[in-house]
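Peer 1: Sharing a structure, written as structure tokens. Questions coming.
The values are calculated or read from the model by the stated rules, or taken from the named source; none is laboratory data. Nothing here was measured: the structure is a model prediction, and the numbers come from that model. So basically every Cβ, Gly included, is an ideal-geometry build from the backbone, and we count neighbours across all protein chains shown.
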């Protein structure tokens, strides 16, 4: 299972993702520069967090036009696995690989802390090592993480089980207080209709070792490897 971590000007979580895959998950991984138009044969693409292109215009708006994104879009259309984390989620929405948008937090402040996520769907390549309803503790760090979409899109996400994670409290209850940015329906992560592209605002790569305060994020990367192995069999 080979991972590729895309590096944009302004990415600052690329090294974290690389470390999580290489040193914790112990899987092959390489960096892919934003000017590349070749994904080098990787099996899963990670669009990491950060401030691509300085978040000019709006988050992810310029990165969406990087040469590498054409290759990512083609890869996704062929069924390749793509995960966008934080800024990566914003880029996927800007590229229309995921529906909706990420806008300024409800409180208009940057939020950096651990939050709780409830796993809503485990029948995906990104969550098959989790239990439905399981509560994960994973950190966030964003100023524009409030997920929004129109009513029709929300209904489609719900009907197709494309909402993968929701912000919750430690017991799994969905409350306004547990929603750190005002996201619609407490949404923290979604997939496309084919379940091969996922975006999430929390940072699983920062929750892969006990010394970081949580190992819950590792389950997401383990799920990706498990999915690939199942296909290989």
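Peer 1: Considering the range 125-134 alone, what residues qualify as being touching a residue at least 60 places away in the same chain (Cβ under 8 Å) and surrounded by fewer than 21 Cβ atoms within 10 Å (Cβ to Cβ)? Quick ask: steps written out before the conclusion?
Peer 2: Let us first name the residues in the range 125-134 that are touching a residue at least 60 places away in the same chain (Cβ under 8 Å), namely 125-130.
Listed by number, the residues that qualify are 128, 129.
Peer 1: Report those strands (runs of 3 or more DSSP E) wholly inside the range 121-233 carrying at least 1 residues which are over 30 Å from residue 54 (Cα atoms) and out of contact with any helix residue (DSSP H, G or I) (no Cβ under 9 Å at 6 or more places or on another chain).
Peer 2: Numbers: elements: 135-142, 146-148, 163-168, 187-191, 197-200.
Result: 135-142.
Peer 1: Without any contact (Cβ under 8 Å) to a residue 40 or more places away in the chain, more than 18 Å from residue 88 (Cα to Cα) and touching a strand residue (DSSP E or B) at 6+ places or on another chain (Cβ under 8 Å): does that describe residue 109? Before the answer, list the steps.
Peer 2: Values: without any contact (Cβ under 8 Å) to a residue 40 or more places away in the chain: yes; more than 18 Å from residue 88 (Cα to Cα): yes; touching a strand residue (DSSP E or B) at 6+ places or on another chain (Cβ under 8 Å): no.
Spelling it out, it is not the case that residue 109 is without any contact (Cβ under 8 Å) to a residue 40 or more places away in the chain, more than 18 Å from residue 88 (Cα to Cα) and touching a strand residue (DSSP E or B) at 6+ places or on another chain (Cβ under 8 Å).
Peer 1: Run down 178, 170 and say which single residue is in contact with a strand residue (DSSP E or B) (Cβ under 6 Å, 6 or more places away or on another chain), at negative phi and surrounded by fewer than 17 Cβ atoms within 10 Å (Cβ to Cβ). Steps first, please.
Peer 2: Details: 178 fails: surrounded by fewer than 17 Cβ atoms within 10 Å (Cβ to Cβ).
Every option except 170 fails the conditions.
Peer 1: Inside the range 17-42, can you point out the residues that are in contact (Cβ under 8 Å) with a residue 60 or more places away in the chain and crowded, with 20+ Cβ neighbours inside 10 Å? Give the steps one after another, and end with the answer.
Peer 2: We begin by selecting, within the range 17-42, every residue in contact (Cβ under 8 Å) with a residue 60 or more places away in the chain; these are 17, 19-21, 24-25, 27.
Selection gives 17, 20, 21.
Residue-by-condition table, conditions (1) modelled with pLDDT under 95; (2) buried (at least 24 other Cβ atoms within 10 Å of the Cβ); (3) more than 17 Å from the chain's Cα centre (by Cα):
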| site | (1), (2), (3) |
| --- | --- |
| 190 | no, yes, no |
| 196 | no, no, no |
| 205 | no, yes, no |
| 215 | no, no, no |
| 222 | no, no, no |
| 228 | yes, no, yes |
| 231 | yes, no, yes |
